[in-house]
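Working notes for the structure below.
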Amino acid sequence: PEKGSLVLEVDHIRKQFGGLVAVNDISFRVRAGEIVGLIGPNGAGKSTTFNLVSGILPLTSGEVRFLGQRISGRSAREIAQTGMGRTFQHVQLLPEMSVLENVALGAHLRSHVSVPAGILRLDRAREASLLKEAARQLERVGLGAYLHEQAGNLALGQQRLLEIARALAADPVLLLLDEPAAGLRYREKQELAAVLSQLREEGMSILLVEHDMDFVMRLTNHLVVMDFGSWLAEGSPEEIQRHPAVLEAYLGG
Ligand code: ADP
Ligand code: MG
């Protein structure tokens, strides 16, 4: 997509779990080449919003458009195949397998090629191309030196980068990252921020949930603030930093 064009349009989405309204009338946009942050206190509905956008959970109401097409109601797999990649709040890797295999397998499982049931045996050429592509994505996130390391042996910051490489292997135009910096050391956060900035330079759009305010404020172009499931505020990092309602929600006013 052309830089600045609309990639994701979230319109009045709502999710109810029994009597609890976890996401209440949330709307926002993500444009090509932009990093948008979704912030808010614990339980605000950020992860649920990700699950609604990526098709993991069905909407109670509202609409999501991706690259101009209505995607609400489609399966998570279909949505992933149209170019939306994501990571989860908790690391989901195959710890016994190599870094390279983790990415190659992820790319294979999400590939556009439909595999007839029962045939998971890859031909040599297909396997070679998957591994080559996986290595390329790992270089991109700075893990080129760790291809044959067991995934479970990596430091947490490297595991998070590995998950991003796995998402990249499916060639997304939008990445949804749920708390990628949580639990990371200062240096790891710096590395992650550099990788995400570089992806943005290359035209990637990113929607990011993150608690570390320094990280969010330095990295994002635009912020959406949620509180108790509802939209609280929206604006540039500078605007949000001095927004009275946001200060009150965070500082307990
Ligand atoms: P955040 O990611 O902002 O911390 P979540 O989206 O995880 O918040 O949760 C929002 C609210 O919805 C919380 O009150 C949480 O307990 C509730 N919730 C999340 N997922 C479910 C679920 N599958 N069933 C019932 N309640 C849920
Ligand atoms: Mg969450």
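The values are calculated or read from the model by the stated rules, or taken from the named source; none is laboratory data. What you see is a predicted model; the values in this text were computed from it and never measured. Don't worry about glycine lacking a Cβ; one is built from the backbone with ideal geometry, like all the others, and counts go over all protein chains shown.
Structural remarks
- Verdict on I39 being more than 25 Å from A193 (Cβ to Cβ) and of a type in the set (V, I, T): no
- Condition check for R166: part of a helix (DSSP H, G or I) and either of a type in the set (A, V, I, L, M, F, W, C) or assigned by TED's automatic domain parsing to the domain that holds N51 (or both): no
- Selection from segment 68-91 of residues that are in contact (Cβ under 8 Å) with a residue 40 or more places away in the chain and within 13 Å of the chain's Cα centre (by Cα): A80, G83, M84, G85, R86, T87, F88, Q89, V91
- Meets criteria (of a type in the set (D, E, K, R), touching a residue at least 24 places away in the same chain (Cβ under 8 Å), touching a helix residue (DSSP H, G or I) at 6+ places or on another chain (Cβ under 9 Å) and within 16 Å of F28 (Cβ to Cβ)) for E149: no
- Number of the exception - R29 against (1) outside the structural domain of I240 (by TED's automatic domain parsing); (2) more than 16 Å from ligand 2 (Cβ to nearest atom); (3) within 26 Å of L219 (Cβ to Cβ): (1)
- For segment 49-60, the candidate set comprises residues that are near ligand 1 (Cβ under 9 Å from one of its atoms) and in contact (Cβ under 8 Å) with a residue 40 or more places away in the chain; within that set, the residue that is surrounded by the most Cβ atoms within 10 Å (Cβ to Cβ) is T49.
- The residues in segment 128-159 that are under 16 Å from L184 (Cα atoms) and among the polar types (S, T, N, Q) can be counted, and the count is 3.
- Here G4 passes the criteria (1) surrounded by fewer than 16 Cβ atoms within 10 Å (Cβ to Cβ); (2) within 16 Å of ligand 1 (Cβ to nearest atom); (3) within 22 Å of A233 (Cα to Cα); (4) not hydroxyl-bearing (S, T, Y) except the one numbered (2).
- Selection of segment 204-245 for residues being in a loop (DSSP other than H, G, I, E, B) and either surrounded by 19 or more Cβ atoms within 10 Å (Cβ to Cβ) or under 15 Å from the mean Cα position of the chain (by Cα) (or both) yields M204, E210, H211, T220, G229.
- Filter result (among the hydrophobic types (A, V, I, L, M, F, W, C), surrounded by fewer than 19 Cβ atoms within 10 Å (Cβ to Cβ) and under 20 Å from V53 (Cα atoms)) within segment 165-203: V173
- Residue check for R160: surrounded by 22 or more Cβ atoms within 10 Å (Cβ to Cβ), charged (D, E, K, R) and touching a residue at least 12 places away in the same chain (Cβ under 8 Å): yes
- Total residues in segment 7-40 satisfying the condition of being buried (at least 16 other Cβ atoms within 10 Å of the Cβ) and within 16 Å of ligand 1 (Cβ to nearest atom): the figure is 15.
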